[in-house]
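Participant: Dropping the structure in here first, questions after.
The values are calculated or read from the model by the stated rules, or taken from the named source; none is laboratory data. This one's a predicted model, so the numbers in the text were calculated from it and none came from an experiment. Cβ placement follows ideal geometry from the backbone for every residue including glycine, while neighbour counts extend to all protein chains displayed. Areas reflect the complete protein model, heavy atoms only, side chains present, ligands, DNA and RNA absent. Shrake-Rupley method; radii C 1.70, N 1.55, O 1.52, S 1.80 Å.
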Amino acid sequence: GQPNPNGCLTIVFTSDNNTTASGWEATISCFEPCQDIEAIIDSTVPVADADGIIRICQGDQVDFTGSGVFSVDGTGATYDWDFGDGTTDTGITTTKTFTDEGIYNVSLVITDTNPLGCTSTNIVKQPVYVSSTPDFTGTQAAETTICLGEETTIEAVVTPVLVAASCANGGEQTVLGDVQGVTFTSSLDLNCFQNQTLTDIAQLESICLVIEHTYIGDLEIIVRSPSGQAVTLHNRAGNSLNLGNPITTDGTGSGEGWEYCFSMNATTFLQNGPTVQSGTPNPGLTVEAGTYLPLGNFSDFLGSTIDGQWTLEIIDHEAADDGTIFSWSLNFDETLLSSDFSFTPTIITEAWDADPSIT
């Protein structure tokens, strides 16, 4: 069309005279289309190695500098960093100190000033591997008791400890209401295992839930694998026992979740676990946090793919109580993890501290 310097639009409706009706209406809006934005992590200190990974020790600092490629204009854009550990920062440059061992994927997202909130569409991530503390088990002296002036030889044993990403933890927090017979679900999407399948039940070490509930005698808890195979962890046993530290008056919010794990190595079902008093405002007997034997058998998961969506299903069969599932996790043998999600640090140097107090 022709240039329109005043920015005014005129909308014209022309009828074809074929239909008689009461009228018409339309919602008309004008907006500025999004531009193309590409986020780039330009540099880091220290720099990444030949594999594109920044390898540091616990407590080390990493400096990041980013930029964006804009198809129109980047004036006023914001640069949002996610450090992969729940912390964030904003700015073209940022600094992060990694205090805990682990694998962190640092990402950058750029948002321009368009009222639509247009963001960069590419995924840019920088892996940061933070080394674990070595295991010194086995370090010993030739003679542990000596006299003043005598000598002994101390042999150091330093074993690197594998670091694995927590790629099978989380799940959506779900309020377990008091509606009878409703199935509440929470899912975990895994992509750390290079499409491997479960071939041994020992590969799935445990399934853990952080949960509170006022009555386990009406709960049915099921886990379903990406291939659709299901194992029941608990099913309507334990009568009036609670889980966690619940609020025992319905509809007044979540209580405190405790972690309950299920493992084929356990010997006691959840309903038979040791109990303590908890609950507000009316304390009752609560099963202690711990590891329990599932009602079903993990062998029913054999042959399932590990990567994909795992689903936790909880059915409340009575309408007289409630609770909350805060998070849950699948704990696999760490050796199954792909190289992108686990690593073992390399010992570069070993030395004894030159402590002058040691004579």
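Participant: Pick from segment 103-124 the residues that are open to solvent by less than 60 Å² (accessible area, probe 1.4 Å) and assigned to a loop (DSSP other than H, G, I, E, B): which of them is nearest to VAL161 (Cα to Cα)?
Facilitator: Residue satisfying both the conditions and the ranking: VAL124.
Participant: If you don't mind, another one. Within segment 125-158, which residues are open to solvent by less than 60 Å² (accessible area, probe 1.4 Å), in a strand (DSSP E or B) and not aromatic (Phe, Trp, Tyr)? Steps first, please.
Facilitator: Step one: of segment 125-158, the residues open to solvent by less than 60 Å² (accessible area, probe 1.4 Å) are 126-132, 134, 138-139, 141, 152, 156-158.
Of the ones still in play, those that are also in a strand (DSSP E or B) are 126-130, 141.
Listed by number, the residues that qualify are GLN126, PRO127, VAL128, VAL130, ALA141.
Participant: Next question, about the same structure. Return the residue satisfying two criteria in turn: it lies in segment 47-88 and is open to solvent by 70 Å² or more (accessible area, probe 1.4 Å) and of a type in the set (Asp, Glu), and of such residues it is nearest to GLY102 (Cα to Cα).
Facilitator: Here the residue is ASP51.
Participant: Residue by residue through segment 47-102, note down the ones that are of a type in the set (Asp, Glu), in contact (Cβ under 8 Å) with a residue 12 or more places away in the chain and outside any strand (DSSP E or B).
Facilitator: Listed by number, the residues that qualify are ASP73, ASP85, ASP100, GLU101.
Participant: Do we find that ALA164 is touching a residue at least 12 places away in the same chain (Cβ under 8 Å) and closer than 30 Å to LEU204 by Cβ in this structure?
Facilitator: yes
Participant: Next question. Mind counting the residues in segment 30-46 that are assigned to a loop (DSSP other than H, G, I, E, B) and more than 18 Å from SER120 (Cα to Cα)?
Facilitator: Residues flagged as assigned to a loop (DSSP other than H, G, I, E, B) and more than 18 Å from SER120 (Cα to Cα) within segment 30-46 amount to 3.
Participant: OK, next. SER299 - would you say it is part of a strand (DSSP E or B) and open to solvent by less than 60 Å² (accessible area, probe 1.4 Å)? First the steps, then the outcome.
Facilitator: On the way: part of a strand (DSSP E or B): no; open to solvent by less than 60 Å² (accessible area, probe 1.4 Å): yes.
Answer is no for this residue.
Participant: Tell me, please, whether a residue that is assigned to a loop (DSSP other than H, G, I, E, B), of a type in the set (S, T, N, Q), modelled with pLDDT of 90 or more and loosely packed, with under 14 Cβ neighbours inside 10 Å can be found in segment 175-185.
Facilitator: Going residue by residue through segment 175-185, those that are assigned to a loop (DSSP other than H, G, I, E, B) are 177-182.
Imposing the further condition that a residue be of a type in the set (S, T, N, Q) reduces the set to 180.
Cutting the leftovers down to modelled with pLDDT of 90 or more gives us none.
No, every residue in segment 175-185 fails to be assigned to a loop (DSSP other than H, G, I, E, B), of a type in the set (S, T, N, Q), modelled with pLDDT of 90 or more and loosely packed, with under 14 Cβ neighbours inside 10 Å.
Participant: Another question about this same structure. Identify, please: which residue in segment 302-331 is of a type in the set (Phe, Trp, Tyr) and open to solvent by less than 20 Å² (accessible area, probe 1.4 Å) and is, among those, nearest to VAL130 (Cα to Cα)?
Facilitator: Checked segment 302-331; the qualifying residue nearest to VAL130 (Cα to Cα) is TRP328.
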